[in-house]
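The values are calculated or read from the model by the stated rules, or taken from the named source; none is laboratory data. A quick note: this is a predicted structure, and the numbers were derived from the prediction, not measured. No Cβ is skipped: glycine too gets one built from the backbone with ideal geometry, and neighbour counts run over all protein chains shown. Areas reflect the complete protein model, heavy atoms only, side chains present, ligands, DNA and RNA absent. Shrake-Rupley method; radii C 1.70, N 1.55, O 1.52, S 1.80 Å.
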Amino acid sequence: MLISTSFLSSKNIPKDLTILNETDTDYIHVDVMDGKFVKRKTMPFKEMKNIYRYTSKRLDVHLMVMNPKKYIKEYASLNTEYITFHIETEDVLKNLELIKKYGIKCGLAIKPNTEIKELVPYLPLLDMILVMSVEPGEGEQIFIDETEKKIKELRVLLQEYKSNAMINVDGGINNITKNKCSCADILVSGSYIVLSDNFQDRINDLR
Ligand code: DX5
Ligand code: ZN
C-alpha cells in the first residue's frame, strides 16, 4: 500500500515536513482549501510553495476549491505528481485537460454522498480517484464506514471500463480503518501520523 501523508493537522509544518522527509512516505498530501468549497481556508500559494524547502517528496495535491483553474498552474510548478480536484465543481473536463497540459497526473475527488457512476465520463482521462471517507474540510474526523463498499464497487467499475486509475482514500485513516480499504492503492493519512511521536512507526502500521 502506498502512503500519502497530509500535514493539515500539523502544529509545526516545517518541523513535521523535515521529519517526514526522513520517512518512507510515498507522497506528501497537500490539502488546499479556498473558504468557499469548504469553510476553511489554507495559506496562500506564496506561503505554501515554501514547502519545497523542507521536503523532496513528490506532492499529491488535493484542491478543495470552487474554481480549480485558478490553482492548477501554481501547483503544477512544484514537485507535483498528482493534482486532484472535486467532481462537484464546474468545467471538470477542461480542468482535467489543463492538468495534463502541464504534464501532471490528474485525479478527481468524490465526496461521501457523490455516486461513483458520476466518474464514468471522465475515466479515460483519470490517473487517480480520491474517495473521500469523511466530508472534506477538516482533519481528525471519523472514517465513514460506507466507504468500504464504495471502494469495492469502484474497483469493479474500473475493471469494467479498463481503467488503470489509482484508488486513493482520504479521511480518518488509521491502523483500524485501513482494514476497510484493502481495495485501495494509496491511503492518505494526516492526524494518525503527524499527531504521533513516531511518524515512521505510524506509516509502517498503515502499509
Ligand atoms: C480532509 C482532508 C484530508 C485530511 C486527512 O478534508 O482532505 O486530507 O487532512 O486528515 P485525517 O487523516 O486526520 O483525517
Ligand atoms: Zn485531502
Practice item. Collect the residues in the range 51-88 that are in contact with a Pro (Cβ under 6 Å, 6 or more places away or on another chain) and of a type in the set (S, T, Y), keeping them in residue-number order. Key: Y54
Study note, to complete from the structure: So the strands (runs of 3 or more DSSP E) completely within the range 1-81 holding 3 or more residues that are more than 19 Å from Y102 (Cα to Cα) and within 16 Å of ligand 2 (Cβ to nearest atom) are 2-6, 27-33
Review point. How about the range 155-195: which of its residues are assigned to a helix (DSSP H, G or I), of a type in the set (S, T, N, Q) and open to solvent by less than 60 Å² (accessible area, probe 1.4 Å)?
Key: T177, S191
**Study point:** Residue count, the range 173-207 (criterion: of a type in the set (G, A, S) and in contact with an Asp or Glu (Cβ under 8 Å, 6 or more places away or on another chain))
**Key:** 2
**Study point:** Residues that are of a type in the set (D, E) and more than 16 Å from ligand 1 (Cβ to nearest atom), drawn from the range 120-145
**Key:** D127
Review point. What are the residue pairs meeting all of these: first residue in the range 42-70, first residue touching a residue at least 12 places away in the same chain (Cβ under 8 Å) and small (G, A, S), second residue in a loop (DSSP other than H, G, I, E, B) and open to solvent by 30 Å² or more (accessible area, probe 1.4 Å), Cβ atoms under 9 Å, and 6 or more apart or on different chains?
Key: S56/N79
